[in-house]
Amino acid sequence: MDAVNHPYHYQRRLDPLLANVRSALLDDVDYINMECFDAMVNMLESVEEIRGYLRGNSFKYRWRYRGKNGVQDLHKARWYERKLEKLEAAVSAFYSQEDLLL
């Protein structure tokens, strides 16, 4: 192991389930002009963290919609809920595929 160019403590294997979920959630990421959502999903380290992020944002927009941006906040909440649906579909598909391999 090359301790200068490839130190062991900087390497980690990406969880295949997490990779599958990220792939389902991120559409054509532009790494030069990255949006906050893309950066957040790439930074979070587990499916549970991503799930919590999506649920929390949906809740936030639904909680405040009557006092802040009205219907626009309901649209934002729904956007996060559609992402959550994609996450859950990706998790189900991953485990279904894994079951076929057993």
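Summary table below
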item: Residues within the stretch 16-30 that are in a helix (DSSP H, G or I) and closer than 21 Å to A77 by Cβ, tallied; result: 3
item: Sole exception among (1) at pLDDT below 95; (2) surrounded by fewer than 12 Cβ atoms within 10 Å (Cβ to Cβ) for G67, by number; result: (1)
item: Hey, R13 assigned to a loop (DSSP other than H, G, I, E, B), at pLDDT below 95 and over 16 Å from the mean Cα position of the chain (by Cα) or not; result: yes
item: Residue that is nearest to Q97 (Cα to Cα) [pool: residues in the stretch 1-31 that are of a type in the set (D, E, K, R) and either exposed (fewer than 10 other Cβ atoms within 10 Å of the Cβ) or free of Cβ contacts under 8 Å to residues at least 12 places away in the same chain (or both)]; result: R13
item: Condition broken by A39, with the remaining ones in (1) surrounded by fewer than 12 Cβ atoms within 10 Å (Cβ to Cβ); (2) more than 15 Å from L18 (Cβ to Cβ); (3) at pLDDT below 95 satisfied; result: (1)
item: Residue count, the stretch 31-54 (criterion: outside any helix (DSSP H, G or I) and under 22 Å from V91 (Cβ atoms)); result: 3
item: Residue tally, condition polar (S, T, N, Q) and within 15 Å of N20 (Cβ to Cβ), over the stretch 64-96; result: 2
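The values are calculated or read from the model by the stated rules, or taken from the named source; none is laboratory data. All figures in this text were calculated on a predicted structure; none of them were measured in a lab. Every residue, glycine among them, receives a Cβ derived from its backbone with ideal geometry; neighbour counts consider all protein chains shown.
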